[in-house]
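Colleague: Dropping a structure here in structure tokens format, bear with me for questions.
What follows is calculated from the coordinates using simple rules that are stated; it is not laboratory data. Every value quoted in this text rests on a predicted model; they were computed, and no experiment measured them. Backbone-built Cβ (ideal geometry, glycine too); neighbour counts: all protein chains shown.
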Amino acid sequence: MKHSPRFALSALQLVAFGLLAPVALLAPLLHAQGTAPSPPSAASKPLTFAQVAALPAPPADARLSYGPDSLRTGELRLPKGKGPFPVVVLIHGGCWLSQYDAHYVAAMATALAADGFAVWTPEFRRVGNPGGGYPGTFLDVARAVDFVRDIARTHAIDTSRVVLAGHSAGGQLVLLTAARKTLKASHPLATAAPLPITGVVSIDGITDLAGYAGTTGCNAAVPQLMDGMPPQQLERYALMSPSELVPLRVRSRIVQGALDVTVPMSQAKSFVAKATAAGDDAQLVLLEHSAHFDPVAPISADWPAVLNAIRLMSRAP
């Protein structure tokens, strides 16, 4: 899982060694207005998972529980001021596997809070956790999204402006959760009153589980998640693949790195084509010089494009 910074790696090293203040590095990007990034220099290399996970982030403002165990908790980060603040529900990736948690998107959550969003970053049961996989993982994320209503009872957040944003496997999870208002009553995630959302941003997301399932790398996590390859679980794959559920009847922006070797661009392009043909407002945001982790790193030159997509989806249609 790799990515390309549009920021010199030396800056990352300066932050890591405490020689450059994180605020000095992040501030220009946090307030950027989305101008097109310049191509990376020849010396630029994709950011790795470890580099993104090592980016500095202060502790969250609160840790809240939406379920009965430590896996159904999450972090809430709030902007300065009185609110009410628009909300981003940020769902991390990691191939739906228990060894990866929300820590690597903490810097992204911090940057979003600095831009004026209340950011709710839940954990959820994953493959390797008791109850993880189908359907527990999907049910947890849906419940965590609806928990925004509970958060609003004690914090100044605006439940009329909620964006779902997810990276990689989290991209599949947010698109799926965004589809709940269109699901048949027999669907495992069907509910009478899902939390309304204003838009969804899938970042290098997996949109077609059957097309992504495989035997190596992150692809091998799909049959673990679904308890079988597509021929053994045809119905499950159809129920949980966003590409099979269009129209979602919600606006979406599909952010995709052209250099991503973890999730191929075909996943993004195919979803956008199917969604738009079905009548959805779905658009591809292509990052020409980006690999898998650049879009979730606030030090990357790709960050303004991601931030702008989230800002756009937070506005009323």
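Colleague: Along the Cα-to-Cβ line of ARG63, 7 Å from the Cα, sits a label point; which residues in the range 105-127 have backbone N less than 19 Å from it?
Modeller: The answer is 105-110, 119-126.
Colleague: To the nearest 20 Debye, how big is the dipole of the range 169-316 about its Cα centre, given +1 on the beta carbon of each Lys and Arg and -1 on that of each Asp and Glu?
Modeller: Here the range 169-316 has a charge dipole of around 580 debye.
Colleague: Can you put ILE206, ILE91 in order of Cβ neighbours within 10 angstrom, beginning with the fewest?
Modeller: Numbers: ILE206 33, ILE91 30.
So the residues, fewest neighbours to most, are ILE91, ILE206.
Colleague: Say we join alpha carbon atoms closer than 10 Å with springs in a Gaussian network model of the chain; which of HIS103, HIS292, HIS92 then has the biggest fluctuation?
Modeller: The residue with the greatest mean-square fluctuation here is HIS103.
Colleague: Please find the FRET efficiency linking ASP281 to LEU139, where r is the Cβ-Cβ separation and R0 is fixed at 30 Å, and quote it to the nearest 0.05.
Modeller: Values: r = 27 Å, r/R0 = 0.91.
In this case the efficiency is close to 0.65.
Colleague: Putting +1 on Lys and Arg Cβ atoms and -1 on Asp and Glu Cβ atoms, find which of TRP96, PRO223, VAL145 reaches farthest to the positive end of the dipole of the chain.
Modeller: Looking along the dipole axis, the top candidate is VAL145.
Colleague: Note down, for the range 105-186, the three equivalent ellipsoid semi-axes (square root of 5 times each alpha carbon gyration tensor eigenvalue), biggest first, whole angstrom.
Modeller: Those come to 23, 16, 12 Å.
Colleague: Place a point 7 Å from the Cα of LYS184 along the Cα-to-Cβ direction; which residues of the range 215-242 have their backbone N under 11 Å from it?
Modeller: 239
Colleague: Let me ask something additional. Starting with the highest mean, order 174-180, 113-119, 124-130, 65-71 by the number of other Cβ atoms within 10 Å, averaged over the residues of each peptide. The partial results should precede the final answer.
Modeller: Details: 174-180: 25.4, 113-119: 22.7, 124-130: 20.0, 65-71: 13.9.
My ranking of the peptides, most packed first, is 174-180, 113-119, 124-130, 65-71.
Colleague: Here is a further query. Using θ = phi - 60° and the Karplus form 6.51 cos²θ - 1.76 cosθ + 1.60, what ³J(HN,Hα) does each residue of the range 211-226 get, whole Hz, x for Gly and Pro?
Modeller: These are the phi-based 3J(HN,Hα) values: x, 9, 4, x, 10, 9, x, 5, 4, 6, 6, 5, x, 5, 4, 9 Hz.
Colleague: Quick query: amide H of VAL285 versus all other amide H atoms, modeled in the peptide plane; which residues come in under 5 Å with a sequence gap of 5 or more or a different chain?
Modeller: Excluding prolines and chain starts, which carry no amide H, the hits are ILE254, VAL255, GLN256.
Colleague: Tell me, what HN-Hα J-couplings in whole Hz come from the Karplus equation 6.51 cos²θ - 1.76 cosθ + 1.60 at θ = phi - 60° for each residue of the range 118-134, using x for Gly and Pro?
Modeller: Result, ordered by residue: 7, 10, 9, 10, x, 8, 6, 5, 10, 4, x, 9, x, x, x, x, 6 Hz.
Colleague: Convert each backbone phi in the range 290-303 into a coupling constant with the Karplus relation 6.51 cos²θ - 1.76 cosθ + 1.60 (shift: θ = phi - 60°), then list the ³J(HN,Hα) values in order as whole Hz, x for Gly and Pro.
Modeller: Result, rounded to whole Hz: 10, 9, 6, 9, 4, x, 9, 9, x, 8, 7, 5, 7, 4.
Colleague: For the chain, restrict the atom set to alpha-carbon positions and state the Rg and Dmax in Å.
Modeller: 18.1, 56
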